[in-house]
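Remarks on the structure that follows.
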Amino acid sequence: MIQKFKKLRWLKKQNMLDLVPVRKASFEKRNEKMISIQVKRFPFINLARLLGKSEYVYVHLDEKGSQIWILIDGRRTVAQICEQIKQNSLFQQDEMLEERIAFFIKSLYQSQFIDFIYNE
């Protein structure tokens, strides 16, 4: 728990564009352009079977979100992801593009689908 607060304090001091996001959740390709993030529904292994529910829930990303998810590989910074997205014709040239991508990546982090590399 202390480590989590330490990381939150560290994240607040960082420039979002300099951070390197890393995927924590597994995913499936629905088709060429769409991704579904696989999220474990229950914390206990046999609870899903006991309740007669599926073990996973799927979060379906749209085409733009899927494009960003594919670029999150644990090596690229958010700024590098933004540069690659700018070259993509799917995204219109928008002066708020970096802010929008940073907000989307932050929401993935808050949903615990990704993490950021943490160097002390």
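Here are the numbers for the structure shown:
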quantity	calculated
Gyration tensor verdict on the range 2-116 (Cα atoms; rounded if a/c is under 1.5, prolate if a/b is larger than b/c, oblate otherwise)	oblate
Inter-label distance, nm, simple model (7 Å from Cα along the C-beta direction), K64/N15	2.4 nm
Selected from S54, Q67, Q110, residue furthest toward positive end of dipole (the chain; charges at beta carbon)	S54
Of N15, N46, N88, the one that fluctuates the most in a GNM where the chain has Cα springs shorter than 10 Å	N46
Candidates R75, R23, R41, ranked by Gaussian network fluctuation over the chain, Cα under 10 Å, top entry	R41
Selected from L17, L51, L97 as most flexible by GNM, with the chain as the system and alpha-carbon contacts under 10 Å	L51
Cleavage-rule hits (chymotrypsin sites (Phe, Trp or Tyr not before Pro)) in the range 1-78: DSSP loop, at most 14 neighbouring Cβ within 10 angstrom	F44
Within the range 2-116: Cβ-based charge dipole about Cα centre, in debye rounded to nearest 20 (Lys, Arg +1; Asp, Glu -1)	740 debye
Taking M34, M16, M96 and counting other C-beta atoms within 10 Å, the order from fewest to most	M96, M34, M16
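Here, each number is a calculation from the coordinates, and none is a lab measurement. Quantities reported herein were computed from a predicted structural model and do not represent experimental measurements. Here the Cβ is made from the backbone with ideal geometry for all residues, glycine too, and neighbour counts use every protein chain on show.
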